[in-house]
Amino acid sequence: MTFAWYGHLKLQQTGISSNWPLIATIAFSWGIAFFEYCCQVPANRIGFIDNGGPFNLVQLKVIQEVVSLIVFTIIAQCMFTGQSLHWNHLVAFLCLVAAVYFVFMK
């Protein structure tokens, strides 16, 4: 989802999609997002405790959010080099690590 949501901004910066109508940008983004949904929905279904998986609903959501933010950080650093991370971003990431710890605590 990260590339679907923010990749079009990079394409616009480079001039590739600067003249695209909004509907074309939306279609492009949904085309990318479709692939992720094709992976995420089965993963959630397999991982859910009621389907024999090890995770409850809250754990699945926290895992998804942390993975999304890690992927966003990597993509943002690679694609948008003018954006830099600051100390407060690191603190926020540590809070996410704490969230994962607490959600998996028995």
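The values are calculated or read from the model by the stated rules, or taken from the named source; none is laboratory data. For clarity, every value in this text was computed on a predicted model and none was experimentally measured. In this analysis, Cβ positions are derived from the backbone assuming ideal geometry, glycine residues included, and neighbour counts consider all displayed protein chains. With ligands, DNA and RNA removed, areas are computed over all heavy atoms of the protein, side chains included. Shrake-Rupley method; radii C 1.70, N 1.55, O 1.52, S 1.80 Å.
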Condition first: within 19 Å of F3 (Cβ to Cβ) and open to solvent by 80 Å² or more (accessible area, probe 1.4 Å). Can you find one or more residues in region 41-48 that meet it?
yes
Which condition does I75 not pass, out of (1) exposed (fewer than 14 other Cβ atoms within 10 Å of the Cβ); (2) within 28 Å of V103 (Cα to Cα); (3) of a type in the set (V, I, T), if it passes all the others?
(1)
Matching residues in region 62-72 - criterion: being of a type in the set (A, V, I, L, M, F, W, C) and either within 10 Å of the chain's Cα centre (by Cα) or open to solvent by less than 50 Å² (accessible area, probe 1.4 Å) (or both):
V62, V66, V67, L69, I70, V71, F72
Give me a count of the residues in region 49-61 that are open to solvent by less than 60 Å² (accessible area, probe 1.4 Å) and out of contact with any strand residue (DSSP E or B) (no Cβ under 9 Å at 6 or more places or on another chain).
2
What's the total number of residues in region 1-40 that are open to solvent by 60 Å² or more (accessible area, probe 1.4 Å) and either touching a Pro at 6+ places or on another chain (Cβ under 7 Å) or among the β-branched types (V, I, T) (or both)?
4
Taking the options F93, F72, F55, name whichever one is touching a residue at least 24 places away in the same chain (Cβ under 8 Å) and touching a helix residue (DSSP H, G or I) at 6+ places or on another chain (Cβ under 6 Å).
F72
Any idea which residue in region 74-106 is nearest to the chain's Cα centre (by Cα), counting only those that are within 15 Å of L9 (Cα to Cα) and among the polar types (S, T, N, Q)?
Q77
